[in-house]
Structure formats: structure tokens, C-alpha cells
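All remarks here apply to the structure that follows.
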Amino acid sequence: MEIARLFQLLASVISFYTMVCFVRILITWIPSAQYSKVGRILSAVCDPYLNLFRRIRFLRIGMFDLSPALALCVLIGASSILGNLAVERSFTLGGLLAIILYLLWSVTSSILGFLIILLIVRLVVLLMRKDSYGSIWDSLDRTLNPIVFRMTSIFTRGSPTPYKNALIFAILTSAGIWIALRLVISILIGICQRLPI
């Protein structure tokens with residue numbers, strides 16, 4: 001009984017720390033708040049943990065840093081595992097694998113969803129405005145172009161493609177990947193949950 005309370009306490013502490021890290025991430029978008037007293041305290045408490053994930057290079061896509069999403073997912077996963085242990089009072093390998101798969105899917109789904117939104121925004125702006133080139137759009141294009149043209153090359157085998165068509169191909173490809181991965185992950189999670197060990 002005492003072990004269950006300990007697991008529940010640890011899950012609660014990790015959940016609280018997750019919320020603190022989330023606030024820290026939001027504060028980084030407001031420079032004046034970031035250098036306030038509260039901002040400095042949150043930085044001292046959260047940055048050592050968040051910096052572990054900032055070192056992972058593939059989480060940086062152009063001007064976008066997706067490492068905070070992975071950092072929060074790891075905390076949420078740890079809290080879920082400990083909370084599950086407190087309630088179930090048992091630990092199965094299948095349950096652990098299901099939680100890990102769910103967390104991996106959460107991160108992947110967030111990244112793909114964010115990419116799809118960026119691609120749609122860029123396509124809409126390109127269709128609505130003839131002068132859709134400027135500093136912000138050029139920066140976004142520098143980030144998106146390697147992804148867009150790599151996805152487009154799957155269908156066009158490297159032949160030149162107008163940018164609008166390339167964006168449409170990339171949106172459809174990303175959506176297809178998202179749907180297929182969601183189906184595969186849900187099947188795998190179901191299999192893991194039924195494992196007897």
C-alpha cells in the first residue's frame with residue numbers, strides 16, 4: 001500500500017514539474033517575461049532538463065525547435081507509468097511498451113500535424129497573394145523546401161515541379177503518412193496491451 005502511495009506521489013510531482021516546464025516554454029516567447037524574477041526562477045528549475053533535449057539535432061527543423069515537445073512527452077510518460085503502477089499495483093512489459101508507443105506517436109503526430117499546418121498556411125498564402133515572398137515567407141520556405149521537394153521527388157522522380165504543386169504533394173503525403181502511422185500505432189498498442197507479461 002505504501003509503494004502505491006509513493007508511486008502516486010512521484011507521478012504527481014512529475015505532473016507538477018511538467019506544468020512548470022510548460023509555463024517555462026511559453027515564457028520563452030515573451031522576452032520581457034523571460035528575464036523577470038519568475039522567468040529566471042523557472043529557467044533555473046527547468047532549463048537543465050530542457051537542455052538535454054535541445055542537444056538532439058534532428059528535433060530542429062529550420063527555425064523550429066521541437067525538442068520541448070519531446071521533453072514534455074517524456075515527463076508525461078513517466079507520470080503515466082508511475083500513475084499506472086500506483087493504480088494497478090502491477091507492472092507488465094506490454095503495458096510499458098504500449099505507453100512508450102503512445103508517447104512516440106504523440107511526438108510524431110505533433111510534428112506531422114505542425115508540418116501539415118505550415119504547409120497548408122504556405123499554400124493558402126501562395127494562392128491568395130501574388131507577392132507572397134518576403135522575409136517571413138522566405139524563412140518558412142527555407143525550412144520547408146527540403147521536406148517539400150524530398151516528398152515531391154517520390155512522385156515526380158526528380159523532374160521539376162511548380163512550387164504550388166509541390167506543396168500540394170507534400171500536404172497529401174504528410175496526411176497519408178499521419179493516417180498510416182496512426183493505424184499502425186493503434187494496432188501495435190492493442191497488441192502490447194494484450195501481452196500476458
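Consider the stretch 166-195 and keep the residues that are under 21 Å from the mean Cα position of the chain (by Cα) and not hydrophobic (A, V, I, L, M, F, W, C). The one that is farthest from residue 95 (Cα to Cα) is 173. Just to be sure before I move on: is residue 108 closer than 15 Å to residue 193 by Cα and either open to solvent by 40 Å² or more (accessible area, probe 1.4 Å) or among the hydroxyl-bearing types (Ser, Thr, Tyr) (or both) in the structure I sent? So residue 108 fails the test. Residue 10 fulfils the conditions (1) modelled with pLDDT of 90 or more; (2) open to solvent by less than 60 Å² (accessible area, probe 1.4 Å) except for a single criterion, (2). Being β-branched (Val, Ile, Thr) and open to solvent by less than 70 Å² (accessible area, probe 1.4 Å) is a property that holds for residue 25. All of (1) open to solvent by 40 Å² or more (accessible area, probe 1.4 Å); (2) in contact (Cβ under 8 Å) with a residue 60 or more places away in the chain hold for residue 116 with one exception: (1).
Tell me, yes or no, whether the stretch 71-89 has at least one residue that is closer than 20 Å to residue 177 by Cβ and either touching a helix residue (DSSP H, G or I) at 6+ places or on another chain (Cβ under 7 Å) or modelled with pLDDT of 80 or more (or both). Yes: the stretch 71-89 contains one or more residues that are closer than 20 Å to residue 177 by Cβ and either touching a helix residue (DSSP H, G or I) at 6+ places or on another chain (Cβ under 7 Å) or modelled with pLDDT of 80 or more (or both). Looking only at residues in the stretch 154-197 that are outside any loop (DSSP other than H, G, I, E, B) and among the charged types (D, E, K, R), the one that is most open to solvent (accessible area, probe 1.4 Å) is 182. Given the criteria farther than 25 Å from residue 190 by Cα, among the acidic types (Asp, Glu), open to solvent by less than 40 Å² (accessible area, probe 1.4 Å) and out of contact with any Gly (no Cβ under 7 Å at 6 or more places or on another chain), does residue 47 qualify? So residue 47 fits the description; yes. For the stretch 1-27, the candidate set comprises residues that are without any contact (Cβ under 8 Å) to a residue 40 or more places away in the chain and either under 21 Å from the mean Cα position of the chain (by Cα) or outside any helix (DSSP H, G or I) (or both); within that set, the residue that is farthest from residue 50 (Cα to Cα) is 1.
Of all residues in the stretch 70-105, those satisfying the criterion of being open to solvent by less than 30 Å² (accessible area, probe 1.4 Å) and small (Gly, Ala, Ser) are 71, 77, 79, 83, 86, 94, 95, 98.
The values are calculated or read from the model by the stated rules, or taken from the named source; none is laboratory data. Everything numeric here is computed off the predicted structure, so don't read it as measured data. Glycine gets a Cβ as well: all are built from the backbone with ideal geometry, and neighbour counts include every protein chain shown. Only protein heavy atoms, including side chains, enter the accessible area calculation; ligands, DNA and RNA are left aside. Shrake-Rupley method; radii C 1.70, N 1.55, O 1.52, S 1.80 Å.
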